[in-house]
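Colleague: Got a structure for you, written out below as structure tokens; questions coming shortly.
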Protein chains: 2
Amino acid sequence: MDEFEELFNYHWQGEGSPYEQLSEKQWNILKAALKIFLEKGYSATTTNEIAHAAGVAEGTIFRHFKTKKDILLATIIPLMQNLVGPGVSGSLQELLVENEDLPLEEVFLIIMEDRQKHVQRILPLLRVIWVESNYHPELKEALMNGVILPSKKFFLRFIEQRQERGELRQDMDSWVLARSLVGVFAFYLISLSLFPDTGERQQNREAIKGIIQIYLDGARSSRE
Amino acid sequence: MDEFEELFNYHWQGEGSPYEQLSEKQWNILKAALKIFLEKGYSATTTNEIAHAAGVAEGTIFRHFKTKKDILLATIIPLMQNLVGPGVSGSLQELLVENEDLPLEEVFLIIMEDRQKHVQRILPLLRVIWVESNYHPELKEALMNGVILPSKKFFLRFIEQRQERGELRQDMDSWVLARSLVGVFAFYLISLSLFPDTGERQQNREAIKGIIQIYLDGARSSRE
DNA sequence: CTAAAATATGAGTAAGTACTCACTCAACAC
DNA sequence: GTGTTGAGTGAGTACTTACTCATATTTTAG
């Protein structure tokens with residue numbers, strides 16, 4: 001527990017969060033459970049293991065959480081809302097405001113490199129979310145409402161602003177421009193996590209620049 | 001069993017395939033197993049269920065396959081090699097040759113709409129592959145060698161050809177151009193399967209066209 | 001300090017699970 | 001007709017699982 005704990009504590013203690021007033025026992029259970037979920041996946045994790053890791057008897061777990069599934073939801077859903085969702089759109093807001101006057105090439109480069117680190121940090125969490133969303137509709141719904149829809153809105157607004165400023169072509173639907181942008185970003189991040197060993201840092205940087213350039217050249221040029 | 005069986009039978013009976021000389025029982029077991037895997041996921045499927053669905057005693061399963069995991073590998077890996085991999089690159093080859101002289105806009109539109117259908121057909125299979133690749137290195141390897149690397153090669157060669165013909169910009173690394181292209185395509189397909197209900201057919205068509213246009217405008221314009 | 005209430009415990013339970021093995025029996029050889 | 005083979009069987013095994021509950025411990029109230 002270290003980087004993990006930092007990440008975890010930070011993103012759970014939102015004020016007014018329903019998880020604000022957890023007892024220490026409950027807290028320990030959730031922390032232990034999450035840690036093992038990230039290591040081995042949800043269904044390979046046993047309640048017995050969770051109990052041991054939390055320093056608690058197995059029965060105690062079921063005093064606080066009716067089922068194992070409840071533990072999954074109680075760990076993952078708040079993280080989606082406080083960590084993953086804002087990780088996509090929320091904290092980007094700051095980056096965008098800070099760098100409002102830079103050319104888009106540089107803005108995107110900054111964002112990309114920033115997001116790359118972030119995604120790498122939370123990769124195990126993303127994997128669990130991805131896998132379990134297939135089997136638990138509650139998770140899928142939270143993924144939708146906590147991550148996908150907010151991000152969609154965020155990117156859409158960003159694109160619209162830049163269109164109004166004349167920095168992006170106006171002969172094309174904003175949603176189409178946004179979709180392309182997200183596609184380019186997302187795929188780059190996904191492929192990086194599939195081939196984590198590919199290439200040197202310097203090489204990656206050039207690749208990112210190229211990808212951004214292609215998108216921007218396409219997203220600027222107006223149909224003649 | 002219907003569309004499923006068609007898909008399944010077809011893509012297993014390659015000549016010289018190690019699965020060519022399966023007995024009928026073995027065949028039934030694999031078919032039944034795959035069907036349940038696609039419905040409920042691998043780990044939620046019990047060997048008992050498979051036996052029932054295959055009309056076979058549970059013991060028979062283990063006469064032919066040492067472990068449940070062996071069944072997973074025996075079902076999924078050939079499908080990756082014969083269905084998913086070629087589905088990405090192989091059958092695209094034909095489309096590309098047929099339409100070699102059309103402008104790229106139209107070629108991509110044809111490809112996109114063709115792939116869209118294909119992905120929708122095999123979506124449950126893709127889900128199982130995606131999920132289980134996280135836990136079975138053999139699957140991850142087969143995914144890499146059977147799908148990802150061939151596709152990479154394929155797209156790379158395609159891009160290089162078009163660069164030589166002067167249809168795409170030459171001031172940029174082919175791999176970067178290819179990566180962008182695949183990103184745009186892949187993300188569109190992924191988002192379609194996440195929001196299967198979004199929009200009308202006509203609307204989708206316009207979106208595809210837009211996305212392609214953005215990519216192409218970017219992938220053509222040379223840096224001045 | 002005591003009674004009552006809340007909380008924690010971990011052995012126990014019932015329901016699975018993947019996998020085994022002693023046995024059956026149809027097909028074939030001689 | 002007898003013997004041999006081996007695919008097929010399904011009850012059984014050894015083990016694991018999420019979850020329960022009578023009991024023990026701690027906390028709180030009067």
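The numbers here are math on the coordinates, done by the rules we state, and not lab data. Just so it is clear, the model here is predicted, and its values are computed rather than measured. Methodologically, a virtual Cβ is constructed for each residue, glycine included, from the backbone with ideal geometry; neighbour enumeration extends over all protein chains shown.
Colleague: At A:Leu95, label 7 Å along Cα→Cβ: distances to the other copies, nm, ascending?
Modeller: The projected label point of A:Leu95 is separated from its counterparts by 3.2 nm.
Colleague: Distance between Cα centroids, the stretch B:26-52 to the stretch B:108-162: provide it in whole Å.
Modeller: If we compute the Cα centre of each part, the gap is 24 Å.
Colleague: Taking a label point 7 Å from Cα toward Cβ, how far is B:Thr60 from its twins in the other copies, in nm, shortest first?
Modeller: In nanometres, ordered from closest: 5.1.
Colleague: Can you show me the helix-derived [θ] at 222 nm for the protein assembly as shown, built from DSSP H runs with n ≥ 4 at -39,500 (n - 2.57) apiece and divided by the number of residues, rounded to the nearest 500.
Modeller: -21500 deg cm²/dmol
Colleague: Here's a follow-up. What are the lysines whose alpha-carbon lies under 29 Å from the alpha-carbon of B:Lys69, with same-chain residues fewer than 8 places away excluded?
Modeller: The reachable lysines, counting only those whose Cα sits under 29 Å from B:Lys69, are A:Lys35, A:Lys40, A:Lys68, A:Lys69, A:Lys140, B:Lys25, B:Lys31, B:Lys35, B:Lys40, B:Lys140, B:Lys152.
Colleague: Run through all the Cα pairs of the stretch B:118-157 and give the fraction in each 10 Å bin from 0, expressed as whole percent.
Modeller: Over the stretch B:118-157, the share of Cα pairs per 10 Å bin runs 29, 46, 25, 0 percent.
Colleague: For a footprinting-style exposure proxy, rank A:His118, B:His52 by other Cβ within 10 Å, fewest first.
Modeller: Arranged by neighbour count, lowest to highest, A:His118, B:His52 become B:His52, A:His118.
Colleague: Using only Cα atoms, find the angle between the long axis of helix B:174-194 and the longest principal axis of chain B, and express it within 0 to 90 degrees, rounded to the nearest 10.
Modeller: On a 0 to 90 degree scale, this one is about 60.
Colleague: Return the FRET efficiency for the residue pair B:Gln93, A:Gln170: r is the Cβ-Cβ distance, R0 is 30 Å, and the value is rounded to the nearest 0.05.
Modeller: The pair B:Gln93/A:Gln170 has a calculated efficiency of 0.20.
Colleague: Among A:Glu106, B:Glu100, B:Glu49, rank each residue by its count of other Cβ atoms within 10 Å, from fewest to most, as a rough exposure measure.
Modeller: Ordered by Cβ neighbours within 10 Å, fewest first: B:Glu100, A:Glu106, B:Glu49.
Colleague: Arranged by the count of other C-beta atoms within 10 angstrom, fewest first, what order do A:Arg220, B:Arg157, A:Arg165 take?
Modeller: Ascending Cβ contact count within 10 Å gives the list A:Arg165, B:Arg157, A:Arg220.
Colleague: If you don't mind, there's one more thing I want to ask. Please list, short to long, the whole-number percent of alpha-carbon pairs of the protein assembly as shown in consecutive 10 angstrom bins beginning at zero.
Modeller: So the P(r) values, bin by bin, are 4, 18, 26, 26, 17, 7, 1, 0.
Colleague: Something else now. Axis carrying B onto A: which residue of B has the nearest Cβ, and how far, whole Å?
Modeller: Whole-Å result, nearest residue of chain B to the axis: B:Gly218, 1.
Colleague: Also, I was wondering about something else. If you take each beta carbon of peptide B:169-180 and count the beta carbons of other chains within 10 angstrom, what is the mean?
Modeller: That average works out to 4.
Colleague: So the label point sits 7 Å from Cα along the Cα-to-Cβ vector; using that for B:Lys153, what distances do you get to the other copies, in nanometres, sorted shortest first?
Modeller: 4.7
Colleague: Work out the mean other chain Cβ neighbour count within 10 Å for the residues of A:128-135 and drop it here as an integer.
Modeller: 3
Colleague: Averaged over its residues, how many other protein chain Cβ atoms are within 10 Å of peptide B:43-50's Cβ atoms?
Modeller: 1
Colleague: What residue among B:Val147, B:Val176, B:Val97 has the largest mean-square fluctuation in a Gaussian network model of chain B, using Cα springs under 10 Å?
Modeller: For chain B, modelled as a Gaussian network with Cα springs under 10 Å, the answer is B:Val97.
Colleague: Right, here's the next one. How much length would be gained if the chain were fully extended between B:Leu123 and B:Ile190, taking 0.36 nm per residue of separation minus their Cα-Cα distance, in nm to one decimal?
Modeller: The span from B:Leu123 to B:Ile190 would gain 23.1 nm if fully extended.
Colleague: Turning to a different aspect of this structure: For A:Lys209, list the lysines whose Cα falls under 17 Å from its own Cα; do not include residues on the same chain fewer than 8 positions away.
Modeller: Once the sequence-local lysines are set aside, what remains near A:Lys209 is A:Lys117.
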